[in-house]
Amino acid sequence: MKIIDGKAIAATIRAELKEKIEKLPEKPGLAVVLVGSDPASQIYVRNKIKACAEVGILSYSYELPDSCSQKDLEDLLDELAKAKNIHGILLQLPLPKGFDEEVAMSKIPTEKDVDGFSAENLGKLVLHEEKTVACTPLGVMQIFKREGIELEGKNAVVLGRSNTVGKPMALLLLNANATVSVCHSKTRNLKEICRNADILVSAIGKPKFVKADMVKDGAVVIDVGINRDENGKLCGDIDFENVKEKASYITPVPGGVGPMTIAMLMYNTYVAARKE
Ligand code: NAP
């Protein structure tokens, strides 16, 4: 069994990107927009800004108070959409209650949608003509690639069907010629489906939901979940201590998929700047 060191893979990717970015005629610019004072979002934003500095991306941070209006947010996004020095716009989600996320997101032009959440970017993924792909599933694909994990012909099971993680993950696996099942809260016989997985990716947000008896011997187990356990400690969707005895590869939480997501945001911003 191998515990995948997502932190180390992400550091390698950032180092590779730094070299590539140094060769660009203009430094890439990423606008990071945060609305409100959610502590988890503030930490995510801080980590993203730190990663930008490390790879040579100029980050521009915009913090709007909870009291700002939808129009204030949309006006800012319109301005950033036009700004020549901004190649990527990241709107930290979720927005506070009362904001229309879909309308706000639609203000981000596809070429600056470094999160890969726009309808056009998702549509391109469906067509297997990938443009900008959502950072978390893209990060998981990098893990497979860099660990030499074959996907073709494998049974892959994705737990979760969100537009930002589960669905793009399933499509990427399908495009890589895996045979893919997607499970969600209405799935019957979830345990049996999971037991058939050569590759199991969990993105449901339930602490330690996936137990050892749901995992096939030798499966590759990828944990996207970020949760708190009963003691308030960070944990994933996978019951790591028990599942690791059965898996051939497994990602820990923290230190698995999380750092890869930020590395892929840097990658998507680099690509957006390079396209100029
Ligand atoms: P989400 O939008 O809440 O979606 C959760 C999905 O899980 C839904 O499709 C839901 O099914 C399904 N689900 C919930 N309970 C289930 C159950 N008991 N059995 C089967 N399926 C179930 O969440 P998300 O944004 O995709 O995020 C998922 C997790 O990943 C969260 O813990 C989040 O914090 C984490 N995350 C991590 C990263 C990272 O960088 N590591 C990035 C993004 C998200 P229905 O569709 O039927 O409701």
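Readers should treat all values here as calculations from the given coordinates under stated rules, not as data from a laboratory. Keep in mind that what you see is a predicted model, and the values were worked out from it rather than measured. When we count neighbours, we look across all protein chains shown, and the Cβ atoms used for this are built from the backbone with ideal geometry, even at glycine.
Can you report the number of residues in the range 138-183 which are of a type in the set (S, T, N, Q), away from the ligand (no atom under 11 Å from the Cβ) and closer than 19 Å to residue 120 by Cβ?
Going through the range 138-183, the residues of a type in the set (S, T, N, Q) turn out to be 142, 155, 162-164, 175, 177, 179, 181.
Filter once more, keeping what is away from the ligand (no atom under 11 Å from the Cβ): 142, 155, 175, 177, 179, 181.
Narrowing further to those that are closer than 19 Å to residue 120 by Cβ: 175.
Qualifying residue count, the range 138-183: 1.
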Problem set entry | the range 244-266, subset within 16 Å of the ligand (Cβ to nearest atom) and over 12 Å from the mean Cα position of the chain (by Cα), residue surrounded by the most Cβ atoms within 10 Å (Cβ to Cβ) | 251
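Return yes when residue 102 is closer than 30 Å to residue 253 by Cβ, within 16 Å of the ligand (Cβ to nearest atom) and surrounded by fewer than 21 Cβ atoms within 10 Å (Cβ to Cβ) and no when it is not. Walk me through it before giving the result.
Numbers: closer than 30 Å to residue 253 by Cβ: yes; within 16 Å of the ligand (Cβ to nearest atom): yes; surrounded by fewer than 21 Cβ atoms within 10 Å (Cβ to Cβ): yes.
Yes; evaluated as a whole, the condition is true for this residue.
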